Structure formats: C-alpha cells, structure tokens
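J.: First the structure, which I've put down as structure tokens, then a few questions once you've had a look.
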Amino acid sequence: MHAKQNGTLGIKSSESTLRPVIWDTAELGKPSILHPDKGKVSIFVDCSPTAAPMFEGRGSEEFSAELSVALQRCLLGGKSGAGAAIDLSSLIVVDGKVCWDLYIDGLVVSSDGNLLDALAAAIKVALSDTGIPKVNVSLSAATDEEPEVDVSDEEFLQFDTSSVPVIVTLTKVGKHYIVDATSEEESQMSSAVSVSVNRHGQICGLTKRGGAGLDPSVVFDMISVAKHVGQQFISVLDSEIAAAEAAE
C-alpha cells in the first residue's frame, strides 16, 4: 500500500534560478529493530545532466550523492533519529511491526547555484501537501503474528511540517560570505557553510563544503546570519503555503 504526493518549487532570486522537483511516496514497511517506535525517511536527489554543465558525466552522480547526504544530515538528525526535523514517531502504525516508509525524491532540472537551500525549501513545500492514509489495524490474539491493516482510500492525515526547517547556505568568497550564491559566485568560493534552521531559530543541522578552514568566530557569525535569514524565509514560505491552500 502506498500514498503518493507530488510537489514542485521554482526559486528565483535576482541573479539565480533553480527548479527542483520533489516526489513524496509513502509505503507501509517494518520498523527497524533498533528503533521500533519510529518510521523511516529516505532522501535521494538526482541532478539531471542537462541542468548545468557541471552535472555532465560522473559530476551528476557525485553531486547528487553529496546533496542527498547533506539533506539527510540537516533534516533527519542522528542515526538514532534524535534531532530529526521530521517527526519519525508520527510515521509509526504499530510499534515494532508496521510503519510508514517515506521516500523523498528530488530531481534537479535546472540550476544556477544554491541547490541545497532550494531542495530543502521544495521538500518543506511538498510535505505540506502530503497526506498519509489513515490505517485501521486489527491485532490478533497472538502478539507474534503480523497485524492486519486496512489502508483508507478516502481518509488522510495531514503531514505536520511545523518543525521542518529550511537550509541557509553562506558561501565564503574572499573576506565576505554570500547568501543565495549564484554558480559563478560558488566557483570562486573557499568554503561554504549550510545551516538548517526551524521557525524557532533553532539549529537542526550543519554541513560544510570546501577545503579551506574557518575561524570559529566566523562560523558563529555565519550561524547567526543563517538563523535570521532562515526565520524570515520560513515566514515567506508559510505565507505562500497558506495562500495556496486557501486557493484550493
């Protein structure tokens, strides 16, 4: 049994245009032995070779893997699920027996830089339109038997995106760092720090690219800027989501 929702998001700033397409697919599965009270979420990104010259050949595979890992670190917390921006316990149907496996697949069809931030925003928007089917469970007297489940075709539970953060990447070029860098600006970077921030200004994850080291004071300053920008960005996204829902 599965439920599928699609979401798309195009982001355009003054100098950069990006278009990732996000698919959300939920399937019934079995919780892991280590985390019987949690569902599972997987994130995969595929960069189309036509999106940018850097994605041609093996460049697409390598960058797709890098983006997937970065999104998982920023959105899914540690291996235990602690700190996950997506509430994994909300995906459980029967402890230790049945859960929802949520697959988030992203396809990058065009890019001019700042991909990670655009993908995270697209995921948040797509999840806001994701409905998980209601499941009725019939438990047998024998607790070791698999429960019978009946998945509704008409009743859905709205996915809670209130804790899902956005990602703000600050790209360091020379002595300055840039928010929403273009691909040209990224080609000149020495390093970049990506910070995932929720609506409360809390840091949910952090990743770094580039070989150049950063002074701790610079990192703290970057985080401060990311928190401010992230909260503003979430307000804009929430307003757009609410307007889209009202128009339906």
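The values are calculated or read from the model by the stated rules, or taken from the named source; none is laboratory data. The shown structure was predicted, so the numbers you read here are calculated from the model rather than taken from an experiment. In this analysis, Cβ positions are derived from the backbone assuming ideal geometry, glycine residues included, and neighbour counts consider all displayed protein chains.
J.: Testing I104 on (1) farther than 19 Å from I203 by Cβ; (2) at pLDDT below 85, one condition comes back false. Which one is that?
T.: (2)
J.: Also, quick follow-up: List the pairs whose first member sits in region 212-240 and is within 17 Å of V173 (Cβ to Cβ), whose second member is small (G, A, S) and in a loop (DSSP other than H, G, I, E, B), and whose Cβ atoms are under 9 Å apart, counting only residues at least 6 apart or on separate chains?
T.: Pairs found: A212/S190; L214/S190.
J.: Whether any residue in region 63-71 is surrounded by fewer than 15 Cβ atoms within 10 Å (Cβ to Cβ) and at pLDDT 80 or above is what I want to check.
T.: Within region 63-71 (the criterion being surrounded by fewer than 15 Cβ atoms within 10 Å (Cβ to Cβ) and at pLDDT 80 or above), the answer is yes, since at least one residue qualifies.
J.: Could I ask something else about it? Among the listed residues S162, S191, S183, S187, which satisfies the condition of being polar (S, T, N, Q) and touching a residue at least 40 places away in the same chain (Cβ under 8 Å)? Break it down stepwise before answering.
T.: Numbers: S162 fails: touching a residue at least 40 places away in the same chain (Cβ under 8 Å); S191 fails: touching a residue at least 40 places away in the same chain (Cβ under 8 Å); S187 fails: touching a residue at least 40 places away in the same chain (Cβ under 8 Å).
Being polar (S, T, N, Q) and touching a residue at least 40 places away in the same chain (Cβ under 8 Å) holds for just one of S162, S191, S183, S187, which is S183.
J.: Tell me yes or no: at least one residue of region 2-15 is at pLDDT 65 or above, within 30 Å of F156 (Cβ to Cβ) and surrounded by 14 or more Cβ atoms within 10 Å (Cβ to Cβ).
T.: Looking for residues that are at pLDDT 65 or above, within 30 Å of F156 (Cβ to Cβ) and surrounded by 14 or more Cβ atoms within 10 Å (Cβ to Cβ), one finds none in region 2-15, hence no.
J.: Moving on. For region 200-217, give me each residue that is outside any loop (DSSP other than H, G, I, E, B) and under 16 Å from A70 (Cα atoms).
T.: Of everything in region 200-217, those that are outside any loop (DSSP other than H, G, I, E, B) and under 16 Å from A70 (Cα atoms) turn out to be I203, C204, G205, L206, T207, K208, R209.
J.: Same structure again: Condition check: under 19 Å from the mean Cα position of the chain (by Cα), surrounded by fewer than 16 Cβ atoms within 10 Å (Cβ to Cβ) and either of a type outside the set (D, E, K, R) or farther than 17 Å from I241 by Cα (or both). Does S90 satisfy that?
T.: On the way: under 19 Å from the mean Cα position of the chain (by Cα): yes; surrounded by fewer than 16 Cβ atoms within 10 Å (Cβ to Cβ): yes; either of a type outside the set (D, E, K, R) or farther than 17 Å from I241 by Cα (or both): yes.
So S90 fits the description; yes.
J.: Output the residue which, of all residues in region 23-33 that are part of a loop (DSSP other than H, G, I, E, B) and in contact (Cβ under 8 Å) with a residue 12 or more places away in the chain, is surrounded by the most Cβ atoms within 10 Å (Cβ to Cβ).
T.: P31
J.: Give region 210-235 a look and list any residue that's hydrophobic (A, V, I, L, M, F, W, C) and surrounded by 12 or more Cβ atoms within 10 Å (Cβ to Cβ), or say none.
T.: L214, V218, V219, M222, I223, V225, A226, V229, F233, I234 - these are the residues of region 210-235 that are hydrophobic (A, V, I, L, M, F, W, C) and surrounded by 12 or more Cβ atoms within 10 Å (Cβ to Cβ).
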